[in-house]
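The values are calculated or read from the model by the stated rules, or taken from the named source; none is laboratory data. Quantities reported herein were computed from a predicted structural model and do not represent experimental measurements. For neighbour counting, all protein chains shown are included, and Cβ atoms are generated from backbone atoms with ideal geometry for every residue, glycine included.
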Amino acid sequence: MYSGGGRSICWPGLLMLLLVLLSGCLSNREQIEQALIAYRPPPAHLVQVAAQYRARCPDLLQVDIAGLPRYSGPQRIGPDGCIDLGDAGRLPVDGATVPEIIRMVAECIGVAPEQVRVSVAEYNSQYLYVFGQVAGSQRAVPYQGPETVLDLLHRVGGLQPGAAVSEVTVIRPHVAEGKTPEVFHIDLAAIVLRNDPETNLLLQPFDQVHIGQSPRSSYRDCLPPWLRSVLGKLSHGLHG
């Protein structure tokens with residue numbers, strides 16, 4: 001205990017009070033974080049998402065034609081929205097899905113669609129933006145089709161420890177359409193703990209995903225490093 005100027009400070013009591021205030025009820029939050037780590041999108045779902053992606057300039061496609069190697073190889077979608085099929089000409093594919101491109105290439109070359117394989121090798125034309133307490137850093141990530149918010153969080157590595165799991169929102173700017181932006185609240189607890197997909201939004205190109213910072217994490221950031229270290233050890237002892 002320290003006494004001075006008529007006041008006394010009981011450091012053990014103060015530390016325990018701070019620990020309670022900063023740690024709060026961690027069980028629900030930890031369950032959500034663990035569920036995010038454990039989540040794996042079903043392979044069939046990933047195939048469906050990829051099949052709905054609309055390729056645009058300057059995406060890179062991988063085109064393979066069975067028995068016709070001269071038409072096979074990487075194909076960059078040009079500013080005119082076309083890929084170059086050599087003597088078969090330039091084929092407009094801008095805005096088409098992979099299944100549509102397969103049919104278009106087959107018709108252009110004159111082969112059965114079963115002979116044609118197309119995949120997106122590089123997603124360069126459209127992006128999603130993640131802000132706030134996301135793993136890694138705030139950044140733009142390639143849009144790869146209408147994946148869900150849960151899919152995206154898995155793809156970018158989840159959330160930071162200080163994330164506010166109740167403060168996840170998606171802003172849809174609608175800049176190209178000239179419309180008012182839309183804001184969607186994402187209920188992660190309902191999605192991952194109660195298997196309720198109602199707010200597990202299908203993302204569109206240029207959506208912005210914002211993850212807030214919990215008040216406890218904000219307060220912890222204001223403390224000196226030595227006190228954060230002490231609180232961390234006490235918290236580990238309580239929950240270990």
Checklist entry - If residue 138 passes every condition in (1) of a type outside the set (Asp, Glu); (2) touching a strand residue (DSSP E or B) at 6+ places or on another chain (Cβ under 8 Å); (3) in contact (Cβ under 8 Å) with a residue 12 or more places away in the chain but one, which one does it miss? => result (3)
Checklist entry - So which residues in segment 192-203 are loosely packed, with under 15 Cβ neighbours inside 10 Å and among the polar types (S, T, N, Q)? => result 195
Checklist entry - Could we say that residue 152 is in a helix (DSSP H, G or I), of a type in the set (A, V, I, L, M, F, W, C) and either within 13 Å of the chain's Cα centre (by Cα) or modelled with pLDDT under 95 (or both) here? => result yes
Checklist outcome for this item: Checking 125, 137 in turn, the sole residue that is hydroxyl-bearing (Ser, Thr, Tyr) and farther than 23 Å from residue 81 by Cα turns out to be 137
Checklist entry - Any chance segment 42-63 includes a residue that's in a loop (DSSP other than H, G, I, E, B) and at pLDDT below 95? => result yes
Next on the checklist: If I filter segment 107-125 for residues that are surrounded by fewer than 17 Cβ atoms within 10 Å (Cβ to Cβ), assigned by TED's automatic domain parsing to the domain that holds residue 91, without any contact (Cβ under 8 Å) to a residue 40 or more places away in the chain and on the phi > 0 side of the Ramachandran plot, do I get at least one hit?
Outcome noted: yes
Checklist outcome for this item: Output for Cβ contacts, cut-off 7 Å, separation at least six or different chains, first residue closer than 12 Å to residue 118 by Cβ and assigned by TED's automatic domain parsing to the domain that holds residue 101 in segment 61-86, second among the small types (Gly, Ala, Ser) and in a loop (DSSP other than H, G, I, E, B), reads 61/55; 63/72; 64/72; 65/72; 77/55
Checklist entry - Is it fair to say residue 127 is over 30 Å from residue 213 (Cα atoms) and aromatic (Phe, Trp, Tyr)? => result no
Checklist entry - So is residue 198 in a loop (DSSP other than H, G, I, E, B), closer than 23 Å to residue 50 by Cα and of a type in the set (Asp, Glu) or not? => result yes
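The rows are residues; the columns are (1) basic (Lys, Arg); (2) closer than 19 Å to residue 33 by Cβ; (3) in contact with an Asp or Glu (Cβ under 6 Å, 6 or more places away or on another chain).
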position: 160; (1), (2), (3): no, yes, no
position: 168; (1), (2), (3): no, yes, no
position: 172; (1), (2), (3): yes, no, yes
position: 177; (1), (2), (3): no, no, no
position: 186; (1), (2), (3): no, yes, no
position: 196; (1), (2), (3): no, yes, no
position: 204; (1), (2), (3): no, no, no
Checklist entry - Can you name the number of the only condition in (1) at pLDDT below 55; (2) loosely packed, with under 11 Cβ neighbours inside 10 Å; (3) assigned to a helix (DSSP H, G or I) that residue 8 fails? => result (3)
Checklist entry - Right, residue 169: surrounded by fewer than 16 Cβ atoms within 10 Å (Cβ to Cβ), in the same structural domain as residue 34 (by TED's automatic domain parsing) and not aliphatic (A, V, I, L, M) or not? => result no
Item to check | Tally, over segment 67-85, of residues that are part of a loop (DSSP other than H, G, I, E, B) and in contact with a Pro (Cβ under 7 Å, 6 or more places away or on another chain) | outcome: 2
